[in-house]
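The values are calculated or read from the model by the stated rules, or taken from the named source; none is laboratory data. This structure is a prediction, so every number in the text was calculated from the model and none was measured. All Cβ positions, even for glycine, are placed from backbone atoms using ideal geometry, and neighbour counts span all protein chains on display. Remember, those area values only see protein heavy atoms, side chains included, never the ligands or the DNA or RNA. Shrake-Rupley method; radii C 1.70, N 1.55, O 1.52, S 1.80 Å.
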Amino acid sequence: MGASGQVMLLTGCASGIGKHLMGRYLAAGYRVVATDIQSDAIANEAPDKLLVHPLDVRDADAWEAVIAETLRAWGRLDVLINVAGYLRPGFLTDTDREDISRHMRVNVEGLMLGTRAAARHMRKQGHGHIINFGSLASLTPVPGLSLYSASKHAVRGFTLAVGQELRREGIAVSLLLPDAVETPMLDAQVGHDAAALTFSGAKALTVEDVGEAVDRILRDRPIEISIPTSRGLIAKAAGLSPRLAQALEPVFRRMGRRKQDGRRTRRSPPR
């Protein structure tokens, strides 16, 4: 991956995918700026290669501050990976105004602010790579996760458009669209009937699966990849045909509900 001396900025590092990628790329030789709104939860075990910084991705000034600190520490920024995200399951009529705002501000506005701040510096240095996390929900409607689905559709539209803008500046922009991943975000959906479609895949991805996909993106710089490929193809087909999506929804919801119920049973303490 040519990591020697390169600087990577990651969001959402307190848990899940962001935490795994932080450790993965420290081990690969990157100098890593690890950020999270809960930055005190990030253990700094490699102070010579790891800079921990608080970041609320919704705050434009905070983005400027973390990039300025990155440049003071290491003088460059080679890779930005926007991992941080928010999901609260629920059918639309059960949501409130704050649910709408938080999905759009964290998942969309925060990612846009970070992409803009990083791209402005990368343009000056003449190179860089920005990797944005979408979801298979970026490709197809997900009833029960309508707010999340809307936000991730926006992430895809933004990333594909800005990727064309920035390639003229020597900056690669890539979009990763994973299926459900074994993280605290997935655990939080187990008890919500509305989230049944989340569990409709053969099995959830691991953070290691995601890390391997990011490895490929860093190497090959594609504009977009989905994992697993088979689920990505189904999601794309359903996204292209609303009638197909409507026909498939009850089938996948039943599949997901069975697996969701199985996870609930495994989580329930014995009586």
With Cα coordinates, the longest principal axis of the chain makes an angle with the long axis of helix 16-27, in degrees rounded to 10, of 30
Neighbours of GLY75 by Cβ distance under 14 Å: Lys/Arg at +1, Asp/Glu at -1, summed charge +2
Protection proxy (average C-beta count within 10 Å per residue), highest first, orders 54-60, 99-105 as 54-60, 99-105
Here the gain from full extension of LEU71 to ASP56, 0.36 nm per residue of separation minus their alpha-carbon distance, amounts to 3.5 nm
On the accessible surface of the stretch 96-135, probed at 1.4 Å with all protein chains in place, carbon and sulfur together account for a percent value of 49
Helix 242-267 sits off the longest principal axis of the Cα atoms of the chain, rounded to the nearest 10 on a 0 to 90 degree scale, by 90
If each part is reduced to its alpha-carbon centroid, the stretch 72-145 and the stretch 189-227 end up apart, in Å, by 16
Pseudo-spin-label distance SER15 to ARG168, built 7 Å along Cα→Cβ, given in nm, is 4.3
For the chain, dividing by residue count, accessible area per residue (probe 1.4 Å) in Å² works out to 48
Mean shadow area (nm²) of the C-alpha convex hull around the chain is 15.0
In the structure shown, of LYS19/LYS152; LYS152/LYS203; LYS49/LYS203, the pairs separated by more than 29 angstrom at the C-alpha atoms are LYS49/LYS203
